[in-house]
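Engineer: Please find one structure pasted underneath; my questions will follow.
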Amino acid sequence: MLWQIIIILCILWYLLELWKIRRVVAASRQIKSSFISLPLIGHSYMFIGSNEDRMTAIKKVSYDAMKNASNVSNIRMAFEFYTVVVDAEAIDILSKEFLNKPPMLYRFSRKLLGDGSLMAPLNIWRPRRKLLAPMFGQKNLLNFVKEFSKQSMILAQNLQSVAGGEAFSVWPFFTTYTLDTVCETALGIQLDKQIQKHEEFREAFEEYTVIGSRRMLKPWLYPGAIYRLHPDCKKLKKYGATVNQFITDVVEKKRLSMQEKRQTDSEQTNYNILEMLLQTADTSTKMLIEEMLVLVLAATDTSAVGASFTAVMLSKYPEVQKKVYEEIRTVIGEKNRPIEVSDLAHLKYLEAVIKETLRLYPPVPIVARAVHKDITLPSGVTLVKGSNLILSVWGAHRNPEYWGEDAEEFNPGRFIKGNYTQSAFIPFSCGPRGCLGYKYAMMSLKTMIATLIMHYEILQAPNLYTGPIRVQYNIMMKDVDNFQIKLKLR
Ligand code: HEM
């Protein structure tokens, strides 16, 4: 009898929840999907399994959207409805119109990022974006290149330990580079001086992103009461606390040292981002900690993933690598030297190679947004308030409508000719909430890859990457084989 009552109550609850979102449910029916939506869990079953399975599900729904004339598809994760979009024109409109992230996503991210701008609701995001944007102006970026160049030379030196040997993963080398550069340019700390903390921080940071992504894609772990019983919950708290404490220490120390400098009338002219923010009137310690955390999180893994995929692609395409090397020699001459800011504009083919890599292997393969009002897309499909969007970067980047029948091929030449649909190339997302650090990222990647190729020839790891690179999803898209290459000193 008790069981019967429980079952009836569950059914009533389920029907009530569906009734609350009846407009969203009705609108989702006009969008074709090739995948069966199960009662209660919807399409969540597609995301069960390994991170590679999750990425396969993202690919499947993206290709499904490409198949539909409207260039959209849909998926349901329990009571959350997502319209998957691979149409450049629609993405352009939607990324301007809808700036909020789905509430479910920022519910989780708030645990670590607080009100940090990456996931914050609009009223908090807007003034922070306004405050941060000038920090990424041309003058500051040009100053940062000195740091990219210095750290790239250190990276090249570190790689001597593995050059001439077996295949190895570039991932730990590249994340150390990106973390060191962002910590120096954003926070003004030289991590190589505090190796121990650095390792602890790096490990905590990496674990946090892996564990955090697991929950996002498993709706049955959404309810706090269930998640608290899961072993991930404890780990997430532990790693989150380490990351948070690290940044808090840095911000507090910097605030003190800035006060001391002011008292001694120091003549410093070059500032890192934290120092620049500390000089503006309106910065609370809470806001500084949150935004510094956002910068480190947003900049480190994304750039390391972009660089690592580029290294693997260069190993797969020696003729492309040869052209990159020739260009570098033309620009810097025969003798190896640190890359200078004036070199970057001339490394056009290298830039095309990085862009083509980001097209085929975007570090962030999907961008999610919340729909706060009804909107009809150029294709005639109407999205209603209360639903969500997945702007499929993977899908837009491989849509033959924009990239031609060879959309799946690696061909950097398309970025030299420049005759592509700009709005179909969105590795850094687009619209007012797109990536704040895209110019920073491109400069950092160009400096680092140019320095690498100047010193080494990259060779393909034996028996790997004979076909397309196998990819997995844990917030970022990474290589299943962990970015293996071989290096030969030039
Ligand atoms: C290859 C490297 C990178 C890629 C692929 C990338 C990609 C992205 C993407 C897709 C977003 C989400 C935008 C959206 O929701 O529409 C984002 C946001 C952001 N990125 Fe990047 N990013 C990279 C590097 C960086 C770097 C180096 C920095 C800073 C130094 C940075 C800072 C940010 C910030 C602050 C945001 C939040 C923007 C906002 O909500 O206002 N990113 N990035």
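Engineer: Give the stretch 450-476 a look and list any residue that's closer than 18 Å to PHE410 by Cα and either buried (at least 19 other Cβ atoms within 10 Å of the Cβ) or touching a residue at least 40 places away in the same chain (Cβ under 8 Å) (or both), or say none. Spell out the reasoning first.
Structural biologist: Residues of the stretch 450-476 that are closer than 18 Å to PHE410 by Cα, as a first pass: 458-460, 464-471.
ILE458, LEU459, GLN460, LEU464, TYR465, PRO468, ILE469, ARG470, VAL471, listed by residue number.
Engineer: Then there's this: Quick test for you: out of ALA167, ALA186, ALA156, pick the one residue that is under 21 Å from the mean Cα position of the chain (by Cα) and not acidic (Asp, Glu). If you could, list the steps in order and put the result at the bottom.
Structural biologist: Numbers: ALA167 fails: under 21 Å from the mean Cα position of the chain (by Cα); ALA156 fails: under 21 Å from the mean Cα position of the chain (by Cα).
Unique residue meeting the criteria: ALA186.
Engineer: Now for a separate question. Can you run down the residue pairs with Cβ atoms below 7 Å, 6 or more apart or on separate chains, where the first is in the stretch 1-21 and closer than 19 Å to ILE41 by Cβ and the partner is surrounded by 10 or more Cβ atoms within 10 Å (Cβ to Cβ) and of a type in the set (A, V, I, L, M)?
Structural biologist: Correct list of pairs: TYR14/LEU40; LEU18/VAL25.
Engineer: Determine whether ILE449 is more than 30 Å from ALA27 (Cα to Cα) and within 16 Å of the ligand (Cβ to nearest atom).
Structural biologist: For ILE449, the condition - more than 30 Å from ALA27 (Cα to Cα) and within 16 Å of the ligand (Cβ to nearest atom) - is met.
Engineer: Among the numbered criteria (1) aliphatic (A, V, I, L, M); (2) within 16 Å of the ligand (Cβ to nearest atom); (3) in a loop (DSSP other than H, G, I, E, B); (4) open to solvent by less than 20 Å² (accessible area, probe 1.4 Å), which one does ALA407 miss?
Structural biologist: In the conditions (1) aliphatic (A, V, I, L, M); (2) within 16 Å of the ligand (Cβ to nearest atom); (3) in a loop (DSSP other than H, G, I, E, B); (4) open to solvent by less than 20 Å² (accessible area, probe 1.4 Å), ALA407 misses (2) alone.
Engineer: Further, regarding this structure: Kindly indicate whether ILE375 is open to solvent by 20 Å² or more (accessible area, probe 1.4 Å) and within 16 Å of the ligand (Cβ to nearest atom).
Structural biologist: Spelling it out, it is not the case that ILE375 is open to solvent by 20 Å² or more (accessible area, probe 1.4 Å) and within 16 Å of the ligand (Cβ to nearest atom).
Engineer: Right, another one. Filtering the stretch 412-429 down to residues that are in a loop (DSSP other than H, G, I, E, B) and more than 7 Å from the ligand (Cβ to nearest atom), which residue is surrounded by the most Cβ atoms within 10 Å (Cβ to Cβ)? So that I can check it myself, show each step before the final result.
Structural biologist: So the first thing to find is which residues in the stretch 412-429 are in a loop (DSSP other than H, G, I, E, B), and the list is 412, 418-421, 425-429.
Of the ones still in play, those that are also more than 7 Å from the ligand (Cβ to nearest atom) are 412, 418-421, 425-426.
Working: PRO412: 21, GLY418: 8, ASN419: 7, TYR420: 16, THR421: 14, PHE425: 22, ILE426: 25.
Going through the qualifying residues, I end up with ILE426.
Engineer: Considering the stretch 301-318 alone, what residues qualify as being open to solvent by 10 Å² or more (accessible area, probe 1.4 Å) and within 15 Å of the ligand (Cβ to nearest atom)?
Structural biologist: THR302, SER303
Engineer: Now, a different point. Quickly run through the stretch 185-241 and pick out the residues that are open to solvent by 40 Å² or more (accessible area, probe 1.4 Å), in a helix (DSSP H, G or I) and modelled with pLDDT of 85 or more.
Structural biologist: Answer for the stretch 185-241, where residues must be open to solvent by 40 Å² or more (accessible area, probe 1.4 Å), in a helix (DSSP H, G or I) and modelled with pLDDT of 85 or more: GLU207, ALA225, ILE226, PRO231, LYS234, LYS235, LYS237, LYS238, ALA241.
Engineer: Residue by residue through the stretch 474-490, note down the ones that are touching a Leu at 6+ places or on another chain (Cβ under 9 Å) and assigned to a loop (DSSP other than H, G, I, E, B).
Structural biologist: ASP481
Engineer: Looking only at helices (runs of 4 or more DSSP H) that lie completely in the stretch 77-141, which have at least 3 residues being near the ligand (Cβ under 10 Å from one of its atoms) and not hydroxyl-bearing (Ser, Thr, Tyr)?
Structural biologist: 122-132
For (1) of a type in the set (S, T, N, Q); (2) open to solvent by 10 Å² or more (accessible area, probe 1.4 Å); (3) touching a Cys at 6+ places or on another chain (Cβ under 9 Å), each residue gets a yes or a no:
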position	(1), (2), (3)
MET55	no, no, no
TYR63	no, yes, no
ILE75	no, no, no
VAL85	no, no, no
ASN140	yes, yes, no
ILE154	no, yes, no
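Engineer: Another question about this same structure. Out of the stretch 174-184, which residues are more than 9 Å from the ligand (Cβ to nearest atom), crowded, with 21+ Cβ neighbours inside 10 Å and in contact (Cβ under 8 Å) with a residue 40 or more places away in the chain?
Structural biologist: So in the stretch 174-184, the residues more than 9 Å from the ligand (Cβ to nearest atom) come out as 174-177, 179-180, 183-184.
Applying the additional criterion that residues be crowded, with 21+ Cβ neighbours inside 10 Å yields 174, 176-177, 179-180, 183.
PHE174, TYR177, LEU179, CYS183, listed by residue number.
The values are calculated or read from the model by the stated rules, or taken from the named source; none is laboratory data. Since the structure is predicted, the reported quantities are computational estimates derived from the model, not experimental observations. Cβ: placed from backbone, ideal geometry, glycine included. Neighbour counts: every protein chain shown. Note: areas computed on protein heavy atoms with side chains; ligands, DNA, RNA excluded. Shrake-Rupley method; radii C 1.70, N 1.55, O 1.52, S 1.80 Å.
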